[in-house]
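Comments concern the structure below.
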Amino acid sequence: MGDRAACSADNRVVLIGDVHGHYEGLCRLLDLISPTEGDRLYFLGDLVDRGPSSASVVELVRQWGYGAVRGNHEDMMLLTFEGKQINPTRLFVWCNSGGDETLASYTSSDLLWEHLDWLHTVPLYQDLGDVFIVHAGLDPHLPLKQQTSRECCWIREPFLSHPKPYFADKTIVVGHTITFTFPGAEAGQIVRGAGWLGIETSAYHRRSGWLTALDWTNQWVYQVNVLYGGTRQGELAQFRMDVGDVSYSTN
């Protein structure tokens, strides 16, 4: 892997994959990135669920004013409390997807409601110029204005398997689909398809543990392993695998 000294441009755009409640791992990743005042950091969604400290992750992102897009786990959380009331059916679905760990991380109901109000303000996608961030992807057959949370937070195969880029002049960077589920991909690898990059290296999964940040400006990758320890970094090309057949496992 490379050396941090090789990556020194100011005003970086840094994209961070699905944190899933791993606050301590995120802090280690931020230490590795060493953001400066001019850097812009963006989170690709799924701040919450499955890890032990979702409330702390949301509070960090909110207090520091980092950018973010909504993930499917935030979508489930918001739907559970839609209209300031708890929907029992949606609560059951959310808790079975890691929401129980998220609820356990809140020691104050006031903070939970503050975070829900903030999550309502988080957009489905952000256009950053030559890079476009969205949690899951876009429906290749719909114009951008018609993309909803169903597409932006949940889509998989129709987006991942589409043979042509959605944009001619920018790359879409997504989380959501674990990269090691693509054929031939190893834990921690970044995958590249037609006009998109996937950086969800699955910090919570025992097969991986890697939490990934991509310095888009310098094409540089930072990773910490939140389950087994260790860090690594280097040029994007060292971590990237092109996907041809985009079939993937759901295991």
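The values are calculated or read from the model by the stated rules, or taken from the named source; none is laboratory data. In this text, all values refer to a predicted model and were calculated from it rather than measured experimentally. Backbone-built Cβ (ideal geometry, glycine too); neighbour counts: all protein chains shown. The area values use the complete protein model at the heavy-atom level, side chains included, leaving out ligands, DNA and RNA. Shrake-Rupley method; radii C 1.70, N 1.55, O 1.52, S 1.80 Å.
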Original post:
Of all residues in segment 1-38, which are modelled with pLDDT of 95 or more, surrounded by 13 or more Cβ atoms within 10 Å (Cβ to Cβ) and assigned to a loop (DSSP other than H, G, I, E, B)?
Top reply: R12, G17, D18, V19, H20, G21, H22, P35
**OP:** Output yes when any residue across segment 46-56 is within 20 Å of S149 (Cβ to Cβ), modelled with pLDDT of 95 or more, of a type in the set (V, I, T) and outside any loop (DSSP other than H, G, I, E, B), and no when none is.
**Re:** no
**OP:** Scan segment 185-207 for residues that are in contact with a strand residue (DSSP E or B) (Cβ under 8 Å, 6 or more places away or on another chain) and under 19 Å from S53 (Cα atoms) and jot them down.
**Re:** E200, T201, S202, A203
Subject >> Residue list for segment 52-72, restricted to those being within 27 Å of L138 (Cα to Cα), touching a Gly at 6+ places or on another chain (Cβ under 7 Å) and not aliphatic (A, V, I, L, M) >> reply: S54, R70, G71
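Out of curiosity, is W154 under 17 Å from the mean Cα position of the chain (by Cα), under 20 Å from D18 (Cα atoms), open to solvent by 30 Å² or more (accessible area, probe 1.4 Å) and among the aromatic types (F, W, Y)?
In short, yes.
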**OP:** Tally the residues that are at negative phi and open to solvent by 10 Å² or more (accessible area, probe 1.4 Å), restricting the search to segment 215-239.
**Re:** 12
Original post:
Are any of the residues in segment 142-151 crowded, with 16+ Cβ neighbours inside 10 Å, in contact with a strand residue (DSSP E or B) (Cβ under 9 Å, 6 or more places away or on another chain) and closer than 19 Å to L15 by Cα?
Top reply: no
Original post:
Pairs, please: C-beta under 7 Å, at least 6 apart or cross-chain, first residue farther than 12 Å from R50 by Cβ and in segment 96-109, second open to solvent by less than 30 Å² (accessible area, probe 1.4 Å)?
Top reply: Y106/A55; Y106/L112
Subject >> Elements of type strands (runs of 3 or more DSSP E) contained in segment 163-251, each with 3 or more residues being within 25 Å of N11 (Cα to Cα) and over 15 Å from the mean Cα position of the chain (by Cα) >> reply: 231-235
Original post:
Which of (1) β-branched (V, I, T); (2) without any contact (Cβ under 8 Å) to a residue 24 or more places away in the chain; (3) more than 26 Å from H120 (Cα to Cα) is the odd one out, the single condition V243 does not satisfy?
Top reply: (2)
**OP:** Among the residues of segment 49-95, count how many are hydroxyl-bearing (S, T, Y), in contact (Cβ under 8 Å) with a residue 24 or more places away in the chain and surrounded by fewer than 21 Cβ atoms within 10 Å (Cβ to Cβ).
**Re:** 2
Original post:
Looking at this structure, is G198 touching a helix residue (DSSP H, G or I) at 6+ places or on another chain (Cβ under 7 Å) and under 21 Å from V69 (Cβ atoms)?
Top reply: yes
Original post:
When the residues of segment 99-149 are filtered to those that are small (G, A, S) and closer than 17 Å to V69 by Cβ, which remaining residue is nearest to the chain's Cα centre (by Cα)?
Top reply: A136
Original post:
Among all residue pairs at least 6 apart or on different chains, which show Cβ distances below 8 Å where the first residue, located in segment 167-184, is surrounded by fewer than 22 Cβ atoms within 10 Å (Cβ to Cβ) and the second is part of a strand (DSSP E or B) and modelled with pLDDT under 95?
Top reply: none
**OP:** Starting from segment 18-37, take each residue that is within 21 Å of E235 (Cα to Cα) and free of Cβ contacts under 8 Å to residues at least 60 places away in the same chain and list its partners that are part of a helix (DSSP H, G or I) and charged (D, E, K, R), counting only C-beta distances under 9 angstrom and pairs at least six apart or across chains.
**Re:** S34/R4
